[in-house]
Amino acid sequence: MKKTSVIIGIILFLLGAVLLFAGRRFIVPAFSTPVDIVEEGMEAVAPNTAVETDLYMVFERFSRRDSRDYHVIPVWSGEYGYVIPLSISSENAGDYTQVVDETMDYAYGYTNDYGTETVHFQGVVLELDDTTSGKMRDWFREVGFFERESDMDDAILPYMLYQVNLTGVKENTILFAWIMIVGLVFLCIGIFLPSEVKVSLKLKETKINGVTYRVEQFRVLNSLLMKGKKQEAQKILTEKFNVDSSYAAFVVDNWNEYFY
């Protein structure tokens with residue numbers, strides 16, 4: 001029992017620790033108040049800031065890698081407009097289709113406004129990595145988004161919006177923390193409790209016809225009664241423990257009061 005509890009405790013503790021470590025990047029943002037960059041602007045964020053907002057303009061995808069799609073979105077900081085990449089899970093790309101179509105129709109001059117559709121975003125602000133920056137710049141050059149390279153440099157902020165289910169991260173963090181706590185409980189049980197329980201069992205006593213016995217002495221007797229062998233048990237009480245036969249029958253019929 002002691003060894004089993006220790007093994008279970010180690011497994012649960014390590015499992016919780018590994019799962020927490022895997023999601024460590026988003027734990028702090030998941031427990032912080034998210035920023036609405038549409039209302040508050042990019043001056044309200046920094047790397048690892050939680051963001052929750054409704055995006056109204058999303059340009060077409062410029063890259064797909066590692067099961068994620070990369071788009072460009074316009075953002076504001078004070079009175080000035082900028083652009084940053086948006087990274088979303090490829091399986092959620094369908095949620096952005098309508099907004100992307102309306103944005104591109106507006107960008108190509110097919111409509112006079114960028115549409116009325118929005119898409120809800122939840123995630124974090126990350127520092128812009130070189131790979132994403134390079135692919136985004138190549139797309140800007142391909143579509144002729146900027147007249148001069150210097151204009152592009154001025155317009156790109158060193159950030160990226162990274163979609164992640166922060167609500168799920170928060171719930172999982174709490175769950176994984178509990179798994180670790182349960183693991184610690186099992187470890188404590190395996191290390192400390194078994195020896196104390198063993199001692200307490202030895203000290204349990206019961207009285208039969210005024211005579212005190214240790215409960216441990218009746219293990220064999222209890223096993224017989226569990227099999228329904230009352231006569232054999234009564235015989236043992238009479239012959240081994242010198243209990244009067246009539247009283248032995250009473251004890252057998254009320255065994256739960258004596259063996260616990």
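So the values come out like this:
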| quantity | calculated |
| --- | --- |
| Count of the stretch 68-82 residues which are surrounded by fewer than 19 Cβ atoms within 10 Å (Cβ to Cβ) and within 17 Å of Ala107 (Cβ to Cβ) | 3 |
| All positions within the stretch 130-158 that are in contact with a Ser or Thr (Cβ under 9 Å, 6 or more places away or on another chain) and surrounded by 13 or more Cβ atoms within 10 Å (Cβ to Cβ) | Thr132, Lys135, Met136, Trp139, Ile156, Leu157 |
| Complete set of residues in the stretch 205-249 that are on the phi > 0 side of the Ramachandran plot and under 48 Å from the mean Cα position of the chain (by Cα) | none |
| Residue in the stretch 121-137 that is farther than 30 Å from Ser32 by Cβ and not charged (D, E, K, R) present | yes |
| Filtered residues of the stretch 105-127 (kept if crowded, with 17+ Cβ neighbours inside 10 Å and hydrophobic (A, V, I, L, M, F, W, C)) | Val119, Phe121, Val124, Val125, Leu126 |
| Filter result for the condition that a residue is within 24 Å of Tyr82 (Cβ to Cβ) and in contact with a Leu (Cβ under 9 Å, 6 or more places away or on another chain), over Ala44, Ala50, Ala30 | Ala50 |
| Any hit, the stretch 97-106, residues being hydrophobic (A, V, I, L, M, F, W, C) and under 20 Å from Met152 (Cβ atoms) | yes |
| Selection count, the stretch 139-184, where residues are farther than 29 Å from Pro29 by Cα and among the β-branched types (Val, Ile, Thr) | 1 |
| Selected residue [of a type in the set (S, T, N, Q), more than 15 Å from Gln163 (Cβ to Cβ) and surrounded by 13 or more Cβ atoms within 10 Å (Cβ to Cβ)] from Ser63, Ser5 | Ser5 |
| Test: residue in the stretch 105-116 that is in the same structural domain as Asp154 (by TED's automatic domain parsing), touching a Gly at 6+ places or on another chain (Cβ under 9 Å), over 21 Å from Asn165 (Cα atoms) and of a type outside the set (A, V, I, L, M) | yes |
| Residue in the stretch 183-192 that is at pLDDT 90 or above and part of a helix (DSSP H, G or I) present | no |
| Given (1) in contact with a Ser or Thr (Cβ under 6 Å, 6 or more places away or on another chain); (2) within 28 Å of Glu171 (Cα to Cα), number of the condition Met57 does not satisfy | (2) |
| Filter pass, Gln122 being of a type in the set (S, T, N, Q), assigned by TED's automatic domain parsing to the domain that holds Ile88 and under 30 Å from the mean Cα position of the chain (by Cα) | yes |
| Any hit, the stretch 230-241, residues being within 19 Å of Lys204 (Cβ to Cβ) and not in a helix (DSSP H, G or I) | yes |
| Spans of helices (runs of 4 or more DSSP H) in the stretch 1-73 with at least 1 residues of a type outside the set (Lys, Arg) and farther than 13 Å from Val124 by Cα | 2-22, 37-40 |
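Let's see how each residue does on (1) among the charged types (D, E, K, R); (2) over 20 Å from Tyr82 (Cβ atoms); (3) in contact with a Lys or Arg (Cβ under 8 Å, 6 or more places away or on another chain):
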residue: Gly115; (1), (2), (3): no, yes, no
residue: Val119; (1), (2), (3): no, no, no
residue: Gln122; (1), (2), (3): no, yes, no
residue: Val125; (1), (2), (3): no, no, no
residue: Asp138; (1), (2), (3): yes, no, no
residue: Phe145; (1), (2), (3): no, no, no
residue: Arg148; (1), (2), (3): yes, no, no
residue: Asn165; (1), (2), (3): no, yes, no
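The values are calculated or read from the model by the stated rules, or taken from the named source; none is laboratory data. Bear in mind that the values here come from a model prediction, so they are computed numbers and not experimental data. Positions of Cβ are generated from backbone atoms using ideal geometry, with glycine treated the same way; all protein chains shown enter the neighbour counts.
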